[in-house]
Structure formats: structure tokens, C-alpha cells
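The values are calculated or read from the model by the stated rules, or taken from the named source; none is laboratory data. In this text the structure is predicted, and so the values were computed from the model without any measurement. We place every Cβ from the backbone using ideal geometry, glycine too, and count neighbours over all the protein chains shown. We work out accessible area using only protein heavy atoms, side chains counted, and drop any ligands, DNA or RNA first. Shrake-Rupley method; radii C 1.70, N 1.55, O 1.52, S 1.80 Å.
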Amino acid sequence: MSDPTRPSRDEAEAAVRTLLRWAGENPDREGLVDTPKRVAKAYQDWFSGYALDPDDYLARTFEEVCGYDELIVLRDIEFESHCEHHMAPIIGKAHIGYLPDGKVVGISKLARVVDAYARRFQVQEKMTSQIADCIQRVLQPRGVGVVIEGAHECMTTRGVHKRGVSMITSKMLGGFRDDARTRAEFLQFIDVGPGR
């Protein structure tokens, strides 16, 4: 069922033409005539996460793991998102760890959870929490750790214009929050930062 308040594709393209005119351009010139269509198509890709339920990716689990209950870590999950304040790109990597409690999930599903949240307008702190909370809610492991590194183009291409700056956020739940040894092992596994 479609949302009756959602603008149509034609309205979205008209909005792009308005922004081009506002920037001082002629949207009817040769190089820009198809830009509104291309931008609308790009938005469908960039913000496809709104049509996804990240919980669904974690629904299928595997219990035949011979009692494996140690740390599982997937690191360097590249993502592309957009800042909800300036609509500028956030490019980064997510690192996920969890302590299974009798079941595991296919590792590609963790990457899909990251993408489902990244492909929305975001602030990095919220995205970090959403990913961790989703894994905790659906898999119900003994603990979850999520660390995200992101370069925010809203800071590098406008405002203070500072390049080479990255932001790191983390969310630790269960054993990752309560047990310093588990947290330290996870952080050692992901080895965040330059020079790795």
C-alpha cells in the first residue's frame, strides 16, 4: 500500500529542477535536462533502506554449531549513508561482534542489516544504536558490539572543510558492556583506526 502523502516521481523531479534554478542553473540546458530523472533514480538507490525491515535479514538462524559460544566478529563492512542534517554522504565501515546463545546467523545478513540502516537519512550515533539493537532484539545473543567509523562529507565539503577526519561511535550491549575482557577482545579483533 503506497503512502498517499508521498510525492510522486514527477514531483520529485520538479523539485530537483527547482533546486537547479535556485543554484543559478538552467535545468533545460543539454547537460542538465536529464539530471532530475538521474537524481530521482539515485535517491531510490541511496534511500532504499526505508523499504526494508532489517529484522527480516536475521530471521533465519543456524543452531548446528557444535556448542560454539565464543565471539563472532565481522569487520570492515563498508557502507554509504547520508547525513540527515545536510543530505551529504557519510562513507565508512562498520564492525559487528556478538556472543551467540545457541544460534548464529549467516555473516552476509549482518552486512545487509548495516546497509538497511545506512540507506536512510542518518546520524552516525543513531545508526550505531539501531544496528546493535536490531541484532540484540532478533538474535538474542549474550552480547553485541557495534563500532562504526565514518567520514562525514557535511564536514569535509562545507562548513569547516576538514578532510581526513573520521568519527567513531560504539554501542555495547550485554557481555560487551558488562565484561571488560569481552569488550577488549572485540576491540582488539577490529583494530580500528589508521595504519591497520
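Do you know which of the residues in region 88-108 that are in contact (Cβ under 8 Å) with a residue 40 or more places away in the chain and more than 25 Å from ASP179 (Cβ to Cβ) is surrounded by the fewest Cβ atoms within 10 Å (Cβ to Cβ)? Walk me through it before giving the result.
Of region 88-108, the ones in contact (Cβ under 8 Å) with a residue 40 or more places away in the chain are 88-101, 103-106.
Filter again for more than 25 Å from ASP179 (Cβ to Cβ), leaving 88-92, 106.
Numbers: ALA88: 17, PRO89: 18, ILE90: 24, ILE91: 16, GLY92: 23, GLY106: 13.
Step by step, filter region 88-108, then rank; the result is GLY106.
Please go through region 139-158 and pick out each residue that is surrounded by 11 or more Cβ atoms within 10 Å (Cβ to Cβ) and farther than 25 Å from ILE107 by Cα.
If we filter region 139-158 for residues that are surrounded by 11 or more Cβ atoms within 10 Å (Cβ to Cβ), which is where we start, we get 139-157.
Once the filter is applied, which keeps residues that are surrounded by 11 or more Cβ atoms within 10 Å (Cβ to Cβ) and farther than 25 Å from ILE107 by Cα, region 139-158 yields HIS152, GLU153, CYS154, MET155, THR156, THR157.
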Practice item. Just give me the residues in region 165-182 being open to solvent by 60 Å² or more (accessible area, probe 1.4 Å), in contact (Cβ under 8 Å) with a residue 12 or more places away in the chain and farther than 18 Å from VAL123 by Cα, in sequence order. Key: ARG177, ASP178
**Study point:** Condition check for SER81: of a type in the set (Gly, Ala, Ser) and open to solvent by 30 Å² or more (accessible area, probe 1.4 Å)
**Key:** no
Review point. Does at least one position in region 75-87 carry a residue that is among the aliphatic types (A, V, I, L, M) and under 30 Å from VAL39 (Cβ atoms)?
Key: yes
Review point. Here are some conditions: (1) farther than 17 Å from GLU70 by Cβ; (2) surrounded by fewer than 20 Cβ atoms within 10 Å (Cβ to Cβ); (3) basic (Lys, Arg). ARG119 meets all but one. Which one does it not meet?
Key: (2)
